[in-house]
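Right, one structure below, let's go through it.
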Amino acid sequence: MNGSFRQSMNWLHTWSGLVVGWVLYLVFVTGTAGYFDTEIDRWMKPEIPRLIQRPDDLHVMDIGERYVREQVQDPHSWYIDVPSERYPFVGIGWRGADEQFHETFLDPVSGEPLTIRDSGGGQTLYRMHYELHYMPYELAYWLVMVCTMFMFVAIISGIVTHKKIFKDFFSFRPFKGQRSWLDMHNVLSVLALPFHLMITYSGLLFLMFTVVPATVGIGYGWGEQDEERFFDELFPHYHGEEEAGIAAPMVPLREVVNDAFQRWPEGRRELWYVVAEHPGDVNAHYEIAQAPTRGALVHDGQTLVYSRTGELVFTESEQQAAPSYLRSVLLGLHEGQFAGLLLRWVYFFSGLLGTAMVATGLVLWTVKRRNRAMAEGRVDRGLLLVERLNVGTIVGLPLGIAVYFWANRLLPVGVEERAAWEVLAMFLCWGLSFVYAVFRPVRRGWIELLGAAALLYGLLPLLNVLTTERHLGHSLPDGDWVMAGFDLTMLALGLAFACAARALARRDAQPLPLPARKRAAAAGEALA
Amino acid sequence: MTRKSSAAIAPLLSRIAAAVLGGYLLANGSALALAYLMPGAFATALEGGIMVGFVVYLLAVMWVFAVDSTRRAWAGILLPLALCLVVVGIGKWRAAA
């Protein structure tokens, strides 16, 4: 504002980052975990067996169809999800005669239902990064979108603030107080800058239609039907007939799947999932979805719609106009579904860098303010608030997630609403971390909560030994890398938290230089 | 930018309003205007317009906090917004005709 362009952008960067920093931190932490959502699912649901060999698609159709026919009474619709490397089971879902959604998992070879504990798994963490929790999803979408827009402003204004972005990248001066925090924030931000830019802008594109209803309103009209017309134009899809209530036989699933295979080139005859709408009704239809090419950035599978009698009635178009294609590319980059194992780890580490970028930014704000408050010898209420929010969130949230994993192993398997209890345990722990942060001196709060996080993460593999058969003693020799990878990652996290706690405790042990101590005495409370 | 007296708060609030609300309106307006200007199906043009709209929002916020008077900050939002509305008006009129 007043002063140079760079100064005003620095101001904008500081404040746009600070106001929403804690929400962004939650989004980064849970979104990063989301890159391993199914792996976390499998650790939290250890009853899911390993998939040794991908079964034949037609075999999967047979066992899925048999289950629906024999176990489900008059569903309005059902789907069969085909197993893959990261989803090693057959998923069956249906909307029953009771209008409720039901889901079950089958062993991909025997077709027997799997008994799996009720757990939120990695999916709950993944969904939290855009749906938050304990609130209607529309409100959460708006909140997350507002915070993401702030982040977009913070990133770009952060970049233009720099005179020498390249040089800053190579300078790190440790143990120099504010200067070190600034260096660390710079390195973390610049190191994964393409990732941060991509993830923020594409993040905006996911939920964009939620936040600009007026554009559709003015362009198409304000009614619900007008909105539908817009989305129909944008994403052409099959409009089935309503359920007629007249029973009629359907051709076996195998028949339409075989027909779909005939239409797809060799090497692409792989299913993704199949759906039956109004099964057993005269207006029933099948949707047969082709699996995307392995490693494809934009989904390239075709969906074929077949009538009850087995005629092809609709082919979902693969052609996309330029804006839609660009959006698909960016969404694909954001989700990373195309990524193989190595690239998935790159995504995970980039996410961690983003998390650390937000965290160091929040800490940097308090370090600057504390220096000034000390120099001026006054109590700074804003500083006291942010310091507490920082301890309570930057350590409290990961601590809560550790408790989420502990709850998964310790809650009795038969408990009602088990998945909800797991999440409640997480939020209770996070909430208690705030309370703890308020009642402890800031630095002690950091050290003690970091220590607790180190213990809870570091001991998770041991808890796994005590509560399941699929612990490191078995997973490592068996080459069960999903289970072993989770346990080892938790050990590494425990170690990282322990190192952080130790580094802080060590600096605490060193006496402050004399002038600083004098000033501290003058500042009184502000230093506490 | 140290402590602000209450007299300095009003222009700041005005700028925040220009950035957050004005920027939001301009983002919507530019998305629609672009949709009417772009060739091809209107739905995908609007999709593209909204994608550009986020960048417009970003630039609007930066503009508001970069210029040295509050009046210029608002002018930089309202004039482009008026232009967008004219384009949208013509676009709707031509679509109806």
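The values are calculated or read from the model by the stated rules, or taken from the named source; none is laboratory data. Note that the coordinates shown come from a computational prediction; the quantities given were computed from them, not determined experimentally. Heads up, the Cβs are rebuilt from the backbone with ideal geometry, glycines too, and the neighbour counts pull from every protein chain shown. Protein only, heavy atoms only, side chains kept; ligands, DNA and RNA dropped before computing areas. Shrake-Rupley method; radii C 1.70, N 1.55, O 1.52, S 1.80 Å.
Given the DSSP H assignment, sum -39500 (n - 2.57) over each helix run of at least 4 residues in chain A and divide by its residue total; what's the result at 222 nm in deg cm²/dmol, nearest 500?
-20000 deg cm²/dmol
Using only Cα atoms and rounding to the nearest 10 degrees, what angle (0 to 90) does helix A:381-390 make with the longest principal axis of chain A?
The angle comes out near 40 degrees.
Taking amide H positions as placed 1.01 Å from N in the peptide plane, with prolines and chain starts having none, which residues 5 or more places from A:Val313, or on another chain, fall under 5 Å of its amide H?
Amide H neighbours of A:Val313, under 5 Å, 5+ apart: A:Val305, A:Tyr306, A:Ser307.
Can you compute the charge dipole magnitude of segment A:117-265 about its Cα centre, using +1 on each Lys and Arg Cβ and -1 on each Asp and Glu Cβ, nothing else charged? Give it in debye, rounded to the nearest 20.
Result for segment A:117-265 is approximately 1700 debye, rounded to the nearest 20.
Report the paramagnetic label zone for B:Ile16: residues of segment A:384-408 whose backbone N is under 18 Å from a point 7 Å from Cα along the Cα-to-Cβ axis.
From segment A:384-408, the list is A:384-386.
How many percent of Cα pairs in segment A:110-210 exceed 15 Å?
Values: 3668 of 5050 pairs.
Of the Cα pairs, 73 percent sit more than 15 Å apart.
Compute the angle between helix A:193-206 and the longest alpha-carbon principal axis of chain A, please, reported from 0 to 90 degrees and rounded to the nearest 10.
Orientation of helix A:193-206: about 50 degrees from the principal axis.
So if I take the alpha carbon set of chain A, get Rg, then get Rh from the Kirkwood formula, what is the Rg over Rh ratio?
My calculation puts Rg/Rh at 1.02.
Quick check of the Kirkwood formula: for segment B:23-97, what is the inverse mean of 1/r over all pairs of different Cα atoms, in Å? Before the final figure, lay out the partial values.
Values: mean 1/r = 0.0788 Å⁻¹.
Result for segment B:23-97 stands at 12.7 Å.
Anyone know which of B:Gly40, B:Gly29, B:Gly49 comes out most mobile in the 10 Å Cα GNM of chain B?
B:Gly40
Starting at the first residue of segment A:306-317, write each ³J(HN,Hα) from the Karplus equation 6.51 cos²θ - 1.76 cosθ + 1.60 with θ = phi - 60°, in whole Hz, x for Gly and Pro.
Taking θ as phi minus 60°, the curve returns 10, 6, 3, 8, x, 8, 6, 10, 7, 10, 5, 5 Hz for segment A:306-317.
Per-residue accessible area for A:Arg369 at 1.4 Å probe radius, Å² rounded to 10?
Its heavy atoms expose roughly 50 Å² to the probe.
Provide the buried accessible surface between chains A and B in square angstrom, both chains summed, 1.4 Å probe, rounded to the nearest 100.
3100 Å²
Mind pulling the angle between the C-alpha long axis of helix A:253-263 and the longest principal axis of chain A? Nearest 10 degrees, somewhere in 0 to 90.
That works out to roughly 80 degrees.
How much mean residue ellipticity at 222 nm does chain B get from its helices, if each DSSP H run of length 4 or more adds -39500 (n - 2.57) and you divide by all residues, to the nearest 500 deg cm²/dmol?
Computed mean residue ellipticity for chain B: -28000 deg cm²/dmol.
Can I get the semi-axes of segment A:323-387's equivalent ellipsoid? Compute them from the C-alpha gyration tensor as square roots of 5 times the eigenvalues, in angstrom, largest first.
On the way: eigenvalues 339, 40, 11 Å².
Over the Cα atoms of segment A:323-387, the semi-axes work out to 41, 14, 7 Å.
Quick one: Cα convex hull volume of segment A:282-395, Å³ per residue?
With only Cα atoms used, segment A:282-395 gives 200 Å³ per residue.
Could you give the distance between the Cα centres of segment A:8-32 and segment A:343-381, to the whole Å?
Each part's Cα centre sits 10 Å from the other's.
Considering lysine pairs in chain A that are 8 or more places apart or on different chains, how many have Cα atoms under 25 Å apart?
9
Once each part is reduced to its C-alpha centroid, what is the distance from segment A:70-86 to segment A:282-311 in angstrom?
15 Å
Using a 1.4 Å probe and counting only protein heavy atoms, arrange A:Glu266, A:Glu131 so the residue with the most accessible area comes first. Write down the numbers at each step before the final one.
Details: A:Glu266 160, A:Glu131 50 Å².
Heavy-atom accessible area, descending, gives A:Glu266, A:Glu131.
Over segment A:372-447, how many percent of alpha carbon pairs lie in each 5 Å bin up to the one with the longest distance?
Once binned at 5 Å, the Cα pair distances of segment A:372-447 give 3, 16, 20, 16, 14, 10, 8, 5, 3, 2, 1, 0.
Let's test this: bin the Cα-Cα distances of segment A:1-44 at 10 Å from zero up to the farthest pair and state each bin's percent.
Going from the shortest bin to the longest, the percentages are 25, 27, 21, 16, 8, 2.
Among A:238-246, A:79-87, A:135-143, what's the highest-first ranking by average C-beta atoms within 10 angstrom per residue?
The most tightly packed comes first, giving A:79-87, A:135-143, A:238-246.
Can you give the Rg to Rh ratio for segment A:1-108, taking only C-alpha atoms and Rh from Kirkwood?
Working: Rg = 23.5 Å, Rh = 17.9 Å.
Looking at segment A:1-108, the ratio lands at 1.32.
Could you tell me the distance between the Cα centroids of segment A:418-438 and segment B:36-54, to the nearest Å?
44 Å
Over the Cα atoms, compute the radius of gyration (one decimal) and Dmax (the largest Cα-Cα distance, rounded to a whole number) for segment A:161-303, in Å.
So, for segment A:161-303, Rg and Dmax equal 25.7, 78 Å respectively.
When Rg is the radius of gyration of the Cα atoms in segment A:60-111 and Rh is its Kirkwood radius, what does Rg/Rh come to?
My calculation puts Rg/Rh at 0.97.
Compute the length gained on full extension between A:Arg6 and A:Gln100: take 0.36 nm times their separation in residues and subtract their Cα-Cα distance, giving the result in nm to one decimal. Please report the intermediate quantities before stating the final value.
Details: separation 94, 0.36 × 94 = 33.84 nm, distance 5.63 nm.
Using 0.36 nm per residue and subtracting the Cα-Cα distance, I get 28.2 nm.
Over segment A:332-461, what lengths in whole Å, largest first, do the semi-axes of the equivalent ellipsoid take, defined as the square roots of 5 times the eigenvalues of the alpha-carbon gyration tensor?
For segment A:332-461, the ellipsoid semi-axes come out as 31, 23, 12 Å.
HN-Hα J couplings of segment A:483-490 from phi, Karplus 6.51/-1.76/1.60, θ = phi - 60°, integer Hz, Gly and Pro as x?
For segment A:483-490, the Karplus curve yields 5, 5, x, 5, 4, 5, 5, 5 Hz.
Output the relative contact order of chain B, whole-number percent, from Cα pairs under 8 angstrom with separation of 6+ residues.
Computed value for chain B: 34 percent relative contact order.
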